[in-house]
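Written out below as structure tokens is the structure these notes cover.
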Amino acid sequence: MDIRTEVQRNPVADEVSALVAVVRPILTGLLWGLKEDVVAEVGTREDVKLKMLPRLRRPGDGDCGICFEYAIHDAMRRGDQAVVERVDAALKLCNVPGASPDSILFAVEKTGSEQFIDTARELVTEESRILSGTRGQPAKLYKHIEGIAQAFRRPTARAALPWSISGLWKADLFLGTTDSDRWVGTSVKINPDRLEGARGLRVGIVPASHTETDAPYKDDRRNLVVCPLLHDGNFMQVFYEGWQIVQAFLTADAHLPTEAALPRPPMREVARMLADRREYPVIEVHDALIAFSQPHLLETREHRANLVITRGDSVEVQSVLAPQASAIPDV
């Protein structure tokens, strides 16, 4: 399985190409969110055509939240300054040293799948430490990451975790800096009211309130540094518009939605690109749309990732080697 991360290389030039760049990972995230037994009905994930995505997928209340988690991780890895700058401020409030912020996706599937995909496994070294905000030597992430994964599935496994990180199985991301190799457990919630603290969690990422000045702040009640992401003209607006495009397209059975569903021309143009490619596999569409996202906006990096299969008490780790970094061609 190829794991891709996308690094932003230039500022956004126009709305359509920027929306295409956002829609691509949303489509891929929905594809990988399909349950294995459902995918098996049509073959493999590589066989799932775009027109089949709305038919194989069962919409759920948590879909937007899962895509939000993926989008935050993707934005961090591709250097989206609208996210990186605010996360960096939150990390400073957690006393995380270093100047090279990055993200490790700890995506234990919440859809019933028996897999989690760590898209930045190469960032976890034997010296990676988890800063939990408690006294004493920080726990080693490398040593405990498999236990944290098991604790998500089995409550009985949670007692085996060190007290200082006993709630870290609730993390969605590990945010930190690569130069210091220090990380903090992070909860990502599309609904701010559902943000909860837990032992080991240090940062909570949520959409900002209706102001444009919300800054990261310490929430002593939940023992979290809350990092709100801004709306108008900022990351949350782009995310929600990309999500609306995909939702409207899938609701229209992978056809062009009505003007009432997507009244804004840039959003309809992106949906038209998808409708024109409904007969092609989702993965091929993802790759084909590279040419229509902003030139030089993203650089795709493919690397080794681990696929961790959890079945009952057993954990199986499979390493997959993907090609090295490759730049997106000019258009």
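The values are calculated or read from the model by the stated rules, or taken from the named source; none is laboratory data. Fair warning: this is a prediction, and the values are worked out from it, not measured in the lab. Neighbour counts are summed over all protein chains in view; Cβ atoms, including those assigned to glycine, are modelled from backbone coordinates with ideal geometry.
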*asked:* Can you tell me which residue is surrounded by the most Cβ atoms within 10 Å (Cβ to Cβ) among those in segment 169-201 that are charged (D, E, K, R) and over 14 Å from residue 124 (Cβ atoms)?
replied: 172
*Yes or no: residue 166 closer than 25 Å to residue 60 by Cβ, buried (at least 17 other Cβ atoms within 10 Å of the Cβ) and either at pLDDT below 95 or among the aromatic types (Phe, Trp, Tyr) (or both)?*
no
*Taking interchain pairs and intrachain pairs at least six residues apart, which have beta carbon atoms under 6 angstrom, with the first residue in segment 58-83 and of a type in the set (Gly, Ala, Ser) and the second in a helix (DSSP H, G or I)?*
71/239; 75/83; 82/235
*asked:* If I filter segment 224-243 for residues that are under 28 Å from residue 58 (Cβ atoms) and in a loop (DSSP other than H, G, I, E, B), do I get at least one hit?
replied: no
*Residues located in segment 12-43, provided they are assigned to a loop (DSSP other than H, G, I, E, B) and surrounded by fewer than 18 Cβ atoms within 10 Å (Cβ to Cβ)*: 12, 13, 14, 35, 40, 41, 42, 43
*Within segment 232-263, restricting attention to residues that are closer than 16 Å to residue 209 by Cα and more than 17 Å from the chain's Cα centre (by Cα), which residue is surrounded by the most Cβ atoms within 10 Å (Cβ to Cβ)?*
234
*Could you list, in sequence order, the residues of segment 228-251 that are in contact (Cβ under 8 Å) with a residue 12 or more places away in the chain and of a type in the set (Gly, Ala, Ser)?*
242, 248
*Hits in segment 209-263 (condition: of a type in the set (Asp, Glu) and closer than 26 Å to residue 176 by Cβ)*: 214, 219, 220
_Can you pull out every residue in segment 169-205 that is of a type in the set (D, E, K, R), within 20 Å of residue 236 (Cα to Cα) and over 15 Å from the mean Cα position of the chain (by Cα)?_
193, 194
*Residue check, residue 284 against (1) over 22 Å from the mean Cα position of the chain (by Cα); (2) surrounded by fewer than 16 Cβ atoms within 10 Å (Cβ to Cβ); (3) modelled with pLDDT of 95 or more, all met but one. Which one?*
(1)
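Results for (1) among the β-branched types (Val, Ile, Thr); (2) in contact (Cβ under 8 Å) with a residue 24 or more places away in the chain; (3) assigned to a loop (DSSP other than H, G, I, E, B), shown as yes or no for each residue.
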| position | (1), (2), (3) |
| --- | --- |
| 175 | no, yes, no |
| 180 | no, yes, yes |
| 185 | no, yes, no |
| 190 | yes, yes, yes |
| 193 | no, no, no |
| 196 | no, yes, yes |
| 204 | no, no, no |
| 218 | no, yes, no |
*Please state which one of 102, 88, 61 is at pLDDT 85 or above and over 14 Å from the mean Cα position of the chain (by Cα).*
88
*Considering every residue within segment 55-65, establish whether at least one is under 30 Å from residue 131 (Cα atoms) and of a type in the set (A, V, I, L, M, F, W, C).*
yes
*Right, residue 292: modelled with pLDDT of 95 or more, within 22 Å of residue 46 (Cα to Cα), aromatic (Phe, Trp, Tyr) and surrounded by 15 or more Cβ atoms within 10 Å (Cβ to Cβ) or not?*
no
